[in-house]
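To start, the structure itself, in structure tokens.
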Amino acid sequence: MKATANNVYLFASAYLLERLEKFTPEQLEFIVSYGGPVAAKHVSKLYHEALRLDRRDLVPQIRSIWEMHGAPTPIPCPRCGFRAVTPDLYCMVCGYTLSEREAKEAIDFQERLRELVEFYGEHEVEETIEKGYVIVGETVKPPSTRLEPTDIILHLTREEREYLRKLLAERRQQHARS
């Protein structure tokens with residue numbers, strides 16, 4: 001019985017999402033509560049409707065639907081908080097275009113560079129410094145790593161290259177002492 005009811009709610013959510021441009025507060029809450037994977041396909045519409053209807057209380061639930069049933073990306077948007085930033089730094093949910101600086105701030109880039117030096121060999125770190133960019137996916141990777149569809153390329157500033165050189169030198173000193 002319960003499985004049948006859940007399917008009916010899912011179909012009702014899909015019907016509302018396909019047929020209506022705008023929702024009442026009750027319709028929006030129903031879709032967010034029962035829409036699951038169907039709602040994830042319309043996350044931008046749901047987000048904008050939540051703002052229009054002043055139902056910001058539903059945004060965390062919409063974000064959760066996106067994380068569970070959508071296609072979360074490596075970098076969260078600083079405006080809406082959804083992990084929905086495309087490789088061209090455009091947020092699929094709210095429509096904001098990030099600068100590279102904002103993308104770096106969103107992922108604590110300095111710490112990610114430290115992890116890059118810890119997890120990859122000297123050759124890969126030197127390649128990163130030389131080529132001047134990293135690939136951001138679930139982790140920060142060197143340029144020679146295979147590029148996934150949701151990966152984002154971020155260019156290194158002069159200061160970030162120097163930071164990598166410093167971390168690499170520290171790593172070499174630690175290995176020399178060992």
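For (1) assigned by the TED database to the domain that holds GLU29; (2) under 15 Å from the mean Cα position of the chain (by Cα); (3) within 30 Å of GLU29 (Cα to Cα), each residue gets a yes or a no:
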{"residue": "SER64", "(1), (2), (3)": "yes, yes, yes"}
{"residue": "PRO76", "(1), (2), (3)": "no, yes, yes"}
{"residue": "GLY81", "(1), (2), (3)": "no, yes, yes"}
{"residue": "VAL134", "(1), (2), (3)": "no, no, no"}
{"residue": "SER144", "(1), (2), (3)": "no, no, no"}
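Could you tell me whether any residue of region 154-173 is open to solvent by 50 Å² or more (accessible area, probe 1.4 Å), closer than 21 Å to THR86 by Cα and among the basic types (Lys, Arg)? Within region 154-173, not a single residue is open to solvent by 50 Å² or more (accessible area, probe 1.4 Å), closer than 21 Å to THR86 by Cα and among the basic types (Lys, Arg).
Looking across region 85-123, the residues that are in contact with a strand residue (DSSP E or B) (Cβ under 7 Å, 6 or more places away or on another chain) and not in a helix (DSSP H, G or I) come down to VAL85, PRO87, LEU89, TYR90, CYS91, THR97, LEU98, ILE107. For first residues located in region 127-149 and more than 16 Å from ILE75 (Cα to Cα) and of a type outside the set (Phe, Trp, Tyr), partners that are open to solvent by less than 10 Å² (accessible area, probe 1.4 Å) and part of a strand (DSSP E or B) and lie 6+ apart or on another chain with Cβ distances below 7 Å form the pairs THR128/VAL134; PRO142/VAL134; PRO143/ILE135; THR145/ILE135.
For region 43-84, taking the residues that are charged (D, E, K, R) and assigned to a helix (DSSP H, G or I), the one that is nearest to VAL140 (Cα to Cα) is identified as GLU67. Residues in region 141-178 that are of a type in the set (A, V, I, L, M, F, W, C) and within 19 Å of TYR90 (Cα to Cα): LEU147, ILE152, ILE153, LEU154. Listed conditions (1) under 27 Å from PHE109 (Cα atoms); (2) open to solvent by 30 Å² or more (accessible area, probe 1.4 Å); (3) hydrophobic (A, V, I, L, M, F, W, C) are all met by VAL59, apart from (2). Among the residues of region 102-132, those that are among the aromatic types (Phe, Trp, Tyr) and open to solvent by less than 80 Å² (accessible area, probe 1.4 Å) comprise PHE109, TYR120. Looking across VAL125, VAL85, VAL136, one residue alone is modelled with pLDDT of 95 or more and under 25 Å from LEU51 (Cβ atoms). It is VAL85.
The values are calculated or read from the model by the stated rules, or taken from the named source; none is laboratory data. This one's a predicted model, so the numbers in the text were calculated from it and none came from an experiment. Using ideal geometry, Cβ is built from the backbone for each residue, glycine included, and neighbour counts are taken over all protein chains shown. Just the protein is used for accessible areas: all its heavy atoms, side chains included, with ligands, DNA and RNA removed. Shrake-Rupley method; radii C 1.70, N 1.55, O 1.52, S 1.80 Å.
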